[in-house]
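Derivation of every value follows stated rules applied to the coordinates shown; laboratory data play no part. The structure displayed is predicted, hence computed values, not measured ones. Note: ideal-geometry Cβ built from the backbone for every residue, glycine included; neighbour counts use all protein chains shown.
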Amino acid sequence: MRKWMMFVMAGVIALSVTGCQEKGPSNEPQGERLMLDKEYTNSFDSYKLDLPQDWARVEILEDEEERTTVFIFPSEDPTKQQALMTIIGMSAAEWDAIKAEGKPSLTQFKEIKEHEGSYYILLTPLDQVLEGEELERYEQMVKQVPVIVAGMHF
């Protein structure tokens, strides 16, 4: 049992050291090791997100009428638009109505934060249009989403 724990500890230390030296997208879940590079401020709800360095080329599309912000993966192929995440702002009544419907698609929605009567919801994409190396990069970036949205502030 003791040898097993030593191997686990050695593995954790090795991953920590190599993870800190990487300059490109990480090959492991990011957790607290995200190298934050820029702060995004939503233009209509004024929430802020700290985005990692490898999100520098992510296209951000805001729709004020729908209170929706979509973060698009920077594909080399302009015909392939793949959302990394979508954040939707809504009232408590709207969020309660969505939860009450209980549709299977509700599993796509995750409450991020409540602020001054508004709820901010993370919508995860179901469809996948990327492949190969871009799909691998996309999957690494998606692993960063929980840390990014957990840091939402106003």
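Sorting 121-134, 68-81 by their mean Cβ neighbour count within 10 Å, with the most densely packed peptide first, gives 68-81, 121-134. Each Lys or Arg adds one and each Asp or Glu subtracts one; over the other residues with Cβ under 14 Å from the Cβ of residue 46, this totals -2. Here the relative contact order of the range 35-150, from alpha carbon pairs under 8 Å that lie six or more residues apart, stands at 21 percent. Descending by average beta-carbon neighbour count within 10 Å, the peptides 56-62, 135-141 line up as 135-141, 56-62, the highest first.
Non-local lysine pairs in the range 35-150, meaning eight or more places apart or on different chains, with alpha-carbon distances under 17 Å, amount to 5. The label-point distance for residue 43 and residue 106, in a model that sets each label 7 Å from Cα toward Cβ, rounds to 3.4 nm.
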